[in-house]
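The values are calculated or read from the model by the stated rules, or taken from the named source; none is laboratory data. What you see is a predicted model; the values in this text were computed from it and never measured. Don't worry about glycine lacking a Cβ; one is built from the backbone with ideal geometry, like all the others, and counts go over all protein chains shown. Heads up: the accessible areas ignore ligands, DNA and RNA and are worked out on the full protein's heavy atoms, side chains in. Shrake-Rupley method; radii C 1.70, N 1.55, O 1.52, S 1.80 Å.
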Amino acid sequence: MASPRGEFSSRFGFVMAAAGSAVGLGNIWGFPTQAASNGGAAFLLVYLLLAFLLAYPALMAELIIGRHAHANGVTALRSISRGPQTANVGSLIGLAGIFTVSMILSFYGIVAGWMIAHFCSSLASIVGLDPLATWLVDFSFIRNVGFMGLFMFLTAAIIAEGVHDGIERWSSRLMPILIVTLFLLVGYVMTLDGAMAGLKVYLLPDFGAAVKPQLIVSALGAAFFSLSLGAGTMLIYGSYIPDEGKLPALGGWVTGVDIMIAVTAGFVVIPAMYVALNNGVEIFGADGSLISGDTLIFTVLPALFDTMGTAGVVVSLLFFALMTIAALTSSISMLEVPVSYTIENHSYSRRRAVYLIGFSIALVSTLILFNFDALFGLVIAATTRYAQPLLGLMYCLFCGWVWHRNGILEELRKGQPDIEQGLFWAVWPWYIRYVVPAIILLIFANSLLN
Ligand code: TRP
């Protein structure tokens with residue numbers, strides 16, 4: 001029987017939804033440029049190691065807690081606590097996750113709005129509305145608020161439909177489109193002059209650059225952000241997995257798809273930069289490193305599209321559609337975190353919770369846009385550099401130290417009666433207890449010192 005709080009109806013639906021959450025701006029935008037400027041294939045190796053050795057086990061902690069409780073983060077952490085005191089700590093961590101993910105959505109919505117604006121700009125130039133096309137790519141307050149609002153509305157409209165009809169349905173539609181578009185872009189970019197030079201930069205390993213401690217910190221942050229960890233997102237998606245689901249395999253799929261898309265995006269973005277160089281566009285900053293961040297997406301790539309004539313407009317349209325889709329399947333997973341809590345613990349209807357919370361977060365985004373220089377970078381750093389790894393650590397500690405080992409085993413057995421004989425059960429329980437917390441703390445301490 002389907003649970004009244006909603007659940008994913010198939011393995012495919014869950015993997016598309018959770019991979020949709022994981023695959024976002026972080027993969028397509030963040031990963032390739034970090035790799036290119038930090039040792040190419042060597043960074044890729046560090047990232048792969050961190051993803052499987054650290055992020056995957058941490059993802060499993062969230063999925064198992066969520067599936068066990070079939071409830072939002074606050075209730076879930078309380079339910080595996082041993083006494084009133086740990087239960088209160090659990091509530092606090094759950095609430096901190098809800099707050100963190102809401103703040104993440106507040107800046108994510110701004111960036112996603114830019115993607116839609118650039119998409120519309122390409123449309124406008126196709127139909128010859130050049131002044132509009134220019135206005136759409138100008139950094140004006142009105143444009144920023146308008147497109148952020150539009151993006152938040154799309155996010156809210158999907159979440160208002162619920163787990164099956166909203167999240168699962170839209171993720172299952174959009175993710176295949178995203179994957180096809182991405183591969184089309186790879187194929188096309190590879191045919192252009194200059195692409196091979198980019199491929200070399202992306203794939204030739206420079207181990208000297210990749211083992212720098214600072215780099216490992218950013219690879220950890222990237223891996224946590226990319227898998228949507230430490231904010232209760234994966235916990236809540238886990239809570240919608242039916243009891244028959246085999247959790248370790250499902251988590252493995254999500255991690256695999258996330259990495260695959262990040263690596264594939266590298267085959268678009270880095271070669272595209274060298275095609276741009278070939279066409280006379282500047283791709284290096286003043287310090288000689290590759291331009292990254294917003295300048296890359298909103299200046300270098302559009303300049304490249306401009307040099308490509310008609311094909312450039314089509315490629316630009318595809319690229320910003322890709323970015324918008326990636327952002328949307330991620331933002332719905334963010335909004336679901338506060339929404340599910342408000343529905344379950346404060347008896348709101350889904351619709352009311354969605355529009356109230358969506359609107360409040362859009363207000364925060366507007367506030368950030370008002371004080372862009374002071375707030376934008378601050379909110380990103382506070383949430384992704386500090387809150388996420390620390391909260392991720394807390395989920396691991398709850399799994400490793402607070403929850404009874406037998407409880408975890410029982411939970412895993414539901415979908416996989418023979419789990420005790422497998423490798424996962426042999427390694428994961430002590431791994432999540434000692435190794436993951438130790439590594440997170442080590443990396444975190446290191447980042448504070450720097
Ligand atoms: N993983 C997404 C990306 O790579 C972003 C994301 C979705 C996220 N849900 C999250 C980040 C929750 C942190 C917390 O863009």
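Please go through segment 395-450 and pick out each residue that is within 18 Å of Gly230 (Cβ to Cβ) and β-branched (Val, Ile, Thr). Across segment 395-450, the qualifying residues are Val402, Ile432, Val435, Val436, Ile439, Ile440, Ile443.
Do you know which of the residues in segment 329-351 that are part of a helix (DSSP H, G or I) and more than 16 Å from the ligand (Cβ to nearest atom) is least open to solvent (accessible area, probe 1.4 Å)? It would help to see each step written out before you state the result.
Restricting attention to segment 329-351, the residues satisfying the condition of being part of a helix (DSSP H, G or I) are 329-346, 350-351.
Still in the running and more than 16 Å from the ligand (Cβ to nearest atom): 342-346, 350-351.
Values: Thr342: 22, Ile343: 43, Glu344: 68, Asn345: 60, His346: 96, Arg350: 49, Arg351: 124 Å².
Checking each candidate, the answer is Thr342.
Yes/no matrix, rows are residues, columns are (1) assigned to a helix (DSSP H, G or I); (2) within 19 Å of the chain's Cα centre (by Cα); (3) buried (at least 18 other Cβ atoms within 10 Å of the Cβ); (4) of a type outside the set (Gly, Ala, Ser):
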{"position": "Arg82", "(1), (2), (3), (4)": "no, no, no, yes"}
{"position": "Asn88", "(1), (2), (3), (4)": "yes, no, no, yes"}
{"position": "Ile93", "(1), (2), (3), (4)": "yes, no, yes, yes"}
{"position": "Gly97", "(1), (2), (3), (4)": "yes, yes, yes, no"}
{"position": "Ser102", "(1), (2), (3), (4)": "yes, yes, yes, no"}
{"position": "Phe107", "(1), (2), (3), (4)": "yes, yes, yes, yes"}
{"position": "Ile116", "(1), (2), (3), (4)": "yes, yes, yes, yes"}
{"position": "Ser121", "(1), (2), (3), (4)": "yes, no, yes, no"}
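How many residues are closer than 16 Å to Pro248 by Cα and open to solvent by less than 50 Å² (accessible area, probe 1.4 Å) if we restrict to segment 408-450?
Residues of segment 408-450 that are closer than 16 Å to Pro248 by Cα, as a first pass: 408-432.
If we keep only those that are open to solvent by less than 50 Å² (accessible area, probe 1.4 Å) too, we end up with 408-409, 411-412, 415-416, 419, 422, 424-425, 428-429, 431-432.
Counting residues in segment 408-450 that are closer than 16 Å to Pro248 by Cα and open to solvent by less than 50 Å² (accessible area, probe 1.4 Å) gives 14.
Report, by residue number, each residue of segment 206-227 that is more than 16 Å from the ligand (Cβ to nearest atom) and either farther than 14 Å from Ala42 by Cβ or open to solvent by 40 Å² or more (accessible area, probe 1.4 Å) (or both). Reasoning before the result, please.
Residues of segment 206-227 more than 16 Å from the ligand (Cβ to nearest atom): 206-217.
If the condition is that a residue be more than 16 Å from the ligand (Cβ to nearest atom) and either farther than 14 Å from Ala42 by Cβ or open to solvent by 40 Å² or more (accessible area, probe 1.4 Å) (or both), then Asp206, Phe207, Gly208, Val211, Lys212, Pro213, Gln214, Ile216, Val217 are the ones that fit.
For segment 310-328, filtering for residues that are of a type in the set (S, T, N, Q), open to solvent by 30 Å² or more (accessible area, probe 1.4 Å) and in contact (Cβ under 8 Å) with a residue 60 or more places away in the chain leaves 0.
Screening Val254, Val263, Val275 for residues that are in a helix (DSSP H, G or I), open to solvent by less than 30 Å² (accessible area, probe 1.4 Å) and within 16 Å of the ligand (Cβ to nearest atom) leaves exactly one candidate, Val254. Listed by first and then second residue, the pairs with beta-carbon distance under 6 Å, at least 6 apart or on different chains, first residue in segment 140-164 and under 17 Å from Glu7 (Cβ atoms), second open to solvent by 10 Å² or more (accessible area, probe 1.4 Å) and polar (S, T, N, Q), are His164/Ser9. Checked against the criterion of being buried (at least 23 other Cβ atoms within 10 Å of the Cβ), modelled with pLDDT of 95 or more and of a type in the set (Lys, Arg), the candidates Arg78, Arg67 yield just one match: Arg67. If the condition is being within 13 Å of Asn72 (Cα to Cα) and under 20 Å from the mean Cα position of the chain (by Cα), then segment 334-362 contributes Met334, Leu335, Glu336, Val337, Pro338, Val339, Ser340.
In this entry, Tyr395 passes the filter for residues that are within 16 Å of the ligand (Cβ to nearest atom), out of contact with any Gly (no Cβ under 6 Å at 6 or more places or on another chain), open to solvent by less than 70 Å² (accessible area, probe 1.4 Å) and within 21 Å of Ala249 (Cα to Cα). Report yes if some residue within segment 357-369 is crowded, with 20+ Cβ neighbours inside 10 Å and touching a Lys or Arg at 6+ places or on another chain (Cβ under 9 Å); otherwise report no. No, every residue in segment 357-369 fails to be crowded, with 20+ Cβ neighbours inside 10 Å and touching a Lys or Arg at 6+ places or on another chain (Cβ under 9 Å).
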